[in-house]
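Working notes, structure below.
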Amino acid sequence: MKIKDKPALMKTTIHSCEILNSGYLNKKIRLLLLLVTGLFLFPAYSSGQCESDAFLDKCASNLGTYNYIKSFVANANPRKKASSEFTYVFSKGSTYMMIACTENSSNGKMVISLYDRDHNLIASTYDEKTKKYYPDLQYPCSATGVYYIKATSEGTKSGCGLCILGFSKD
């Protein structure tokens with residue numbers, strides 16, 4: 001920058017200070033903060049009650065005598081394939097229970113499928129032969145290792161569900 005440009009730079013700096021002191025910038029900042037806050041709140045609102053403690057408690061109560069381990073949120077999205085995959089290490093000698101809970105059961109069903117470390121299907125809450133859905137899946141683990149739990153929303157393009165994982169020691 002040349003020395004002769006300094007007066008223009010000072011004028012720009014003074015003009016910037018005037019904008020900072022004006023209410024115009026404050027309105028812009030408030031609007032920007034409102035938009036950013038809205039973007040952060042929208043995903044939580046759009047996922048419905050699946051994120052709520054009440055919905056989790058209601059679903060987890062179906063475990064009965066099994067001990068609660070973890071819950072996985074599975075969202076159905078019209079733009080993406082409606083399935084989510086999670087991993088968990090199962091221990092030999094324990095029996096595991098997976099429960100499918102959907103936010104609104106009239107919109108469709110959630111199918112939980114269990115796979116071994118090589119992604120071979122072990123069991124599912126949907127029986128293709130009988131075309132029957134089951135609310136839970138019990139698996140007596142015979143080998144310690146990583147297992148894959150896949151939650152698939154069927155018959156719905158939106159909404160969410162929970163996969164509740166519990167265990168019982170034999």
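The values are calculated or read from the model by the stated rules, or taken from the named source; none is laboratory data. Values in this document were obtained by computation on a predicted structure and should not be read as measured data. We place every Cβ from the backbone using ideal geometry, glycine too, and count neighbours over all the protein chains shown.
So here's what we get for this one:
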| read-out | value |
| --- | --- |
| Filtered residues of segment 123-170 (kept if more than 20 Å from LYS58 (Cβ to Cβ), modelled with pLDDT under 90 and part of a strand (DSSP E or B)) | THR152, GLU154, LYS169 |
| Residue in segment 78-97 that is of a type outside the set (Gly, Ala, Ser), farther than 20 Å from TYR148 by Cβ and at pLDDT below 90 present | yes |
| Hey, VAL111 modelled with pLDDT under 90 and farther than 17 Å from THR65 by Cα or not | yes |
| Counted residues, segment 113-134 - those being loosely packed, with under 14 Cβ neighbours inside 10 Å and not polar (S, T, N, Q) | 10 |
